Protein chains: 6
Amino acid sequence: MSFNHRDEHVDDRMLLVQANLDDMNPEWISFLMDKLFDAGANDVYVVPIIMKKGRPGIMLNVLIDEDRLSAMEDIIFSESTTLGLRYLHASCHRLAREFEHVETKWGELTVKVGYHAGKLVQFAPEFKECEQVAKQYGVPLKQVYEEVRLQFVKRHI
Amino acid sequence: MSFNHRDEHVDDRMLLVQANLDDMNPEWISFLMDKLFDAGANDVYVVPIIMKKGRPGIMLNVLIDEDRLSAMEDIIFSESTTLGLRYLHASCHRLAREFEHVETKWGELTVKVGYHAGKLVQFAPEFKECEQVAKQYGVPLKQVYEEVRLQFVKRHI
Amino acid sequence: MSFNHRDEHVDDRMLLVQANLDDMNPEWISFLMDKLFDAGANDVYVVPIIMKKGRPGIMLNVLIDEDRLSAMEDIIFSESTTLGLRYLHASCHRLAREFEHVETKWGELTVKVGYHAGKLVQFAPEFKECEQVAKQYGVPLKQVYEEVRLQFVKRHI
Amino acid sequence: MSFNHRDEHVDDRMLLVQANLDDMNPEWISFLMDKLFDAGANDVYVVPIIMKKGRPGIMLNVLIDEDRLSAMEDIIFSESTTLGLRYLHASCHRLAREFEHVETKWGELTVKVGYHAGKLVQFAPEFKECEQVAKQYGVPLKQVYEEVRLQFVKRHI
Amino acid sequence: MSFNHRDEHVDDRMLLVQANLDDMNPEWISFLMDKLFDAGANDVYVVPIIMKKGRPGIMLNVLIDEDRLSAMEDIIFSESTTLGLRYLHASCHRLAREFEHVETKWGELTVKVGYHAGKLVQFAPEFKECEQVAKQYGVPLKQVYEEVRLQFVKRHI
Amino acid sequence: MSFNHRDEHVDDRMLLVQANLDDMNPEWISFLMDKLFDAGANDVYVVPIIMKKGRPGIMLNVLIDEDRLSAMEDIIFSESTTLGLRYLHASCHRLAREFEHVETKWGELTVKVGYHAGKLVQFAPEFKECEQVAKQYGVPLKQVYEEVRLQFVKRHI
């Protein structure tokens, strides 16, 4: 079964994979997260936790399609120090997503838009583009965001 | 199916709804949490997390009855910036709960009591009442708690 | 059903038990965690969270075999202040584990080794032994780890 | 010495007061924070920490004018469980602040504006007013923010 | 200069030593903390932080008398992986402390008492003794605390 | 005054600059951190905190030379949403640092070495080089670290 990610849908075949890391060099985490994203993880995030004997640890969370479990496990076991992991069944509800383009003083920029039940509920400037503009033109990033939001809101009022 | 929340019970029809928020003004969180509680959430809490590209984020957690999923989703999509959410099936085990009243120097105050397998295992002064007394009489909150606990313990020895 | 924990396996009969604690003396947490480990919990960890009214709280997590639920609940209700808990079904994937011994300047020390699909992917000096050596010989703990790892790696190249 | 808080200034007579709390009911924290704000603290915030024996604790931070130290200490010792506290000397650099008013579909709303070296660098809708509008008119809080920001940005372009 | 720690006092010769650890096995933290306490640190605690490139790290905090700086630095550089540390001058305000003993059903137990300006403001059962009783008599730790607090409060009313 | 950063030294002219951010899009944090590093900050890190009204916030920390205060403030006020910041005087103790090169199966790689009082106390493979090797050769990052450490330790025994 496959989804058109442009349409709002619920996907019941997701897994939340978790591993508690208490003896791992934290420098390796970002490398591991990137590798999991590259291999198709829907989301990856870490949570600071307190483990056995009061040790500060890190709980890795990887949200994936069931079909990818084996590939993700290979990465986690190769790139982390864990001797085990656990997974829980989850359902994901994703909004319909579209990209709109708005004209700004730095050229055309993209806005990611989310629809729930056909109604526009979210919109967010594309981070990478705004970051690129901020660097290229030497303007504060928040000013770029503000301009993109302004142009988007003006069109949709 | 409905439960008498005064009796100890296990409710297998619960959902834990989660959304990771990395581009949202944190000022809006308490408003969102209040709104979810008002709409019948059993519990709402947030967890500081680290997301893609090392961004500090906030994971929203909402524990609800399965029947309320749609109403809760409407609130989350309206009041947060997320483009998706996930949910996991959960069972809740709730103790039998009763309210007792104890006499204190500031009048009668309430204690919430929890029973597990018929045995008193928890008791807690009602926060709002104690806070009210502390403000009205200008006494430390911890002193109010101490007095309420003393009166409760003396009765139950 | 029982597992030979020396072999790599997936155990689908696990529960992740969670309780949010917002009115409990944090001093009691380590006592509670020890007691849960002693009673057979596979893992116990806590997560700092933000609860109702912005209160800093602690989420207790206990990973257990389904059969132990009742015993674990007794401990949680006795030793914490919670009026309820929740649990989610989980699967645990555990690597094959073996213990090897390496010769060091402070005597023979143990390395825990993990195998995934028959391939050595993890190895870790035993913390307690290294800690004991560090104390007895007055050397830095990290130096003991380094030595144990060196001896292990040299053998496996 | 007193400052006109409407002008940008540096105040070198500040103290950052800290207390580590590991045996205190977290329910009392918000009451304590409110009381410190009422007594004139410039800022109050708490940090989740890990203390002796791996206990999860809370570090209270109170930023105050040196002259208020004694009054703040009285509150901290009365309302928390700590047997000691520490303080560090700090300097505060505060932007010039002004309030502007913008016309919206829900009436006039306030924007807090910050100037650094005479240049407008910050602006933020007043949370309480926006929250009030969101409740009264049944609109999402983020929509109120968006409208206030739009009106402000349009005026300042 | 030396203090009688039984009297309330302010000590202006304290240092808060901090080191950010982002490439260190978290297993070593508790060993390091114990060693710092053994060497005379007044307090040791760690804070979960996010470092360069979004790496989860741990900030070590050690509160010490100025005279101990060199000894503490030796431990930190030996037992952690840091290439540097920083310290800030701090003042510690410590309450007058006394130990009282109360009679309980499990024998005499100790209460640590704190006085501010001659007034009793804090009291806390000794954790280690209560833990010992809980283990020896098989009673919940919180019940031991409750009993000790009850006996103390009854005497001081 | 300037330091040869290859020699162990204490620098007493440092500032720890802090700003609490509770109304800022967390997406902007990594951009801000990069910009502060580029402008010469010695270290930048963020701490999850709980602010007024229980809002989850982020405390920005920037460790800098006193001379850079004004330049850093310009960046913080431009790229964040804060209306103020604070700074505390700090001393930094930095180890003598050298770079050594070791031969591995993937070519020569660098190890950063730290000396305290003339004694080698720290060594760490260069993250960027190891990451590059891991990507280029398709080997686990931890295996690259292990190899570099092995070669370094063998030489220094």
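Computed quantities for the displayed model
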read-out	value
From C:LEU109, C:LEU95, residue being surrounded by 17 or more Cβ atoms within 10 Å (Cβ to Cβ), of a type outside the set (Lys, Arg) and within 8 Å of another protein chain (Cβ to nearest Cβ)	C:LEU95
So B:HIS101, is it within 24 Å of the chain's Cα centre (by Cα), on the phi < 0 side of the Ramachandran plot and in contact (Cβ under 8 Å) with a residue 40 or more places away in the chain	no
Residues (in contact with a helix residue (DSSP H, G or I) (Cβ under 7 Å, 6 or more places away or on another chain), among the aliphatic types (A, V, I, L, M) and away from chain D (no Cβ under 12 Å)) located in segment E:63-92	E:MET72, E:ILE75, E:LEU85
Tabulated pairs, segment A:50-72, first of a type in the set (S, T, N, Q), second not in a helix (DSSP H, G or I), C-beta under 6 angstrom, 6+ apart or interchain	A:ASN61/A:GLN18; A:ASN61/A:TYR45
Qualifying residue in segment D:115-122 (condition: in contact with a Phe, Trp or Tyr (Cβ under 6 Å, 6 or more places away or on another chain), in the same structural domain as D:PHE152 (by TED's automatic domain parsing), of a type outside the set (A, V, I, L, M, F, W, C) and farther than 30 Å from E:GLY57 by Cα)	yes
Residues located in segment D:19-55, provided they are surrounded by 22 or more Cβ atoms within 10 Å (Cβ to Cβ), in a helix (DSSP H, G or I) and in contact with a Phe, Trp or Tyr (Cβ under 9 Å, 6 or more places away or on another chain)	D:TRP28, D:MET33
Residue ID - surrounded by the most Cβ atoms within 10 Å (Cβ to Cβ), chosen from residues in segment B:118-146 that are facing another protein chain (nearest Cβ under 8 Å) and not in a strand (DSSP E or B)	B:LEU141
Segment A:78-92, subset among the small types (Gly, Ala, Ser) and surrounded by fewer than 19 Cβ atoms within 10 Å (Cβ to Cβ), residue farthest from B:LEU85 (Cα to Cα)	A:SER78
Residue within segment C:58-71 that is at pLDDT 95 or above, among the acidic types (Asp, Glu) and crowded, with 19+ Cβ neighbours inside 10 Å present	no
Checklist (1) aliphatic (A, V, I, L, M); (2) more than 30 Å from F:LEU150 (Cα to Cα); (3) in a strand (DSSP E or B) applied to F:VAL102, failing item	(2)
Condition check for A:HIS93: of a type outside the set (Gly, Ala, Ser) and over 20 Å from the mean Cα position of the chain (by Cα)	no
Condition broken by B:ASP7, with the remaining ones in (1) of a type outside the set (Gly, Ala, Ser); (2) at the interface with another protein chain (Cβ under 9 Å from one of its Cβ atoms); (3) part of a loop (DSSP other than H, G, I, E, B) satisfied	(2)
Test: E:GLU27 is modelled with pLDDT of 95 or more and acidic (Asp, Glu)	no
Flag for F:ARG13 being among the basic types (Lys, Arg), modelled with pLDDT of 95 or more, under 30 Å from B:PRO48 (Cα atoms) and over 17 Å from the mean Cα position of the chain (by Cα)	no
Check on B:LEU88, aliphatic (A, V, I, L, M), closer than 30 Å to C:ILE75 by Cβ and touching a Leu at 6+ places or on another chain (Cβ under 6 Å)	yes
Residues that are more than 20 Å from the chain's Cα centre (by Cα) and of a type outside the set (Gly, Ala, Ser), drawn from segment B:49-78	B:ILE49, B:ILE50, B:MET51, B:LYS52, B:LYS53, B:ARG55, B:PRO56, B:ASP74, B:PHE77
Residue count, segment F:104-125 (criterion: among the aliphatic types (A, V, I, L, M) and in contact (Cβ under 8 Å) with a residue 60 or more places away in the chain)	1
Meets criteria (more than 7 Å from every other protein chain (Cβ to nearest Cβ), closer than 18 Å to E:GLY57 by Cβ and within 18 Å of the chain's Cα centre (by Cα)) for A:LEU36	no
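The values are calculated or read from the model by the stated rules, or taken from the named source; none is laboratory data. Keep in mind the model is a prediction, meaning the values are calculated, not measured. Reconstructed Cβ throughout: ideal geometry from the backbone, glycine too, with neighbour counts over all protein chains shown.
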